[in-house]
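Below: the structure, in structure tokens.
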Amino acid sequence: MANFKKESVGNWTVCGGRMASKDQAIGGAIFIVCVLVAVIYAVTLFYPQWLSILGVNAHSATVQFWTLAIPVFIAFIAVIAIGAWIGWTMATTPPPKPIEEIEAETKSEAEEKTNAHAER
């Protein structure tokens, strides 16, 4: 059996002879949690009777409805919130200067530099 001794070296964690940064360890943990949530979600959606093990004795159709409704509701609200944020940002951002005005400023600055160098 392999020895998976874990020790820390600075920002790196040595696990089983392989070094992983703390970011990689956090990423691995996030990956594992997401896979577990996806598996639990899929099992609950297609076989809601397993919840009786946890003491949840709801009707299968009700469980399946809420298993779909809650994520759809959260996704819908997230999309609406992003749209509202984009709208707010566009509404409160002042319009940019016309390109002609920017070109005129750039030209006058270049002339000032040329005049300043000519006076020296």
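Pairs needed: first member in region 23-51, under 16 Å from Val63 (Cβ atoms); second member anywhere, among the aromatic types (Phe, Trp, Tyr); C-beta distance under 8 Å; at least 6 residues apart or different chains.
These pairs meet every condition: Val43/Trp50; Thr44/Trp50.
Is it fair to say Trp66 is within 19 Å of Ala38 (Cα to Cα), surrounded by 10 or more Cβ atoms within 10 Å (Cβ to Cβ) and free of Cβ contacts under 8 Å to residues at least 12 places away in the same chain?
Numbers: within 19 Å of Ala38 (Cα to Cα): yes; surrounded by 10 or more Cβ atoms within 10 Å (Cβ to Cβ): yes; free of Cβ contacts under 8 Å to residues at least 12 places away in the same chain: yes.
When the stated conditions are applied, Trp66 passes them.
Please find, among Ala38, Ala58, the residue that is within 17 Å of Ile70 (Cα to Cα), touching a helix residue (DSSP H, G or I) at 6+ places or on another chain (Cβ under 9 Å) and either modelled with pLDDT of 95 or more or of a type in the set (Gly, Ala, Ser) (or both). So that I can check it myself, show each step before the final result.
Details: Ala38 fails: touching a helix residue (DSSP H, G or I) at 6+ places or on another chain (Cβ under 9 Å).
After ruling out the rest, the residue left standing is Ala58.
Could you run through region 17-61 and say how many residues are of a type in the set (Asp, Glu) and assigned to a loop (DSSP other than H, G, I, E, B)?
Looking only at that region, the number is 0.
Here are some residues: Ile82, Ile99, Ile53. Which one is surrounded by fewer than 10 Cβ atoms within 10 Å (Cβ to Cβ) and within 30 Å of Ala38 (Cα to Cα)? Lay out the reasoning, then the answer.
On the way: Ile82 fails: surrounded by fewer than 10 Cβ atoms within 10 Å (Cβ to Cβ); Ile99 fails: within 30 Å of Ala38 (Cα to Cα).
Residue meeting the stated conditions: Ile53.
The values are calculated or read from the model by the stated rules, or taken from the named source; none is laboratory data. All of these numbers come straight from a predicted model, not from anything done at the bench. Note that each Cβ is placed from the backbone with ideal geometry, even for glycine, and that neighbours are counted across all protein chains shown.
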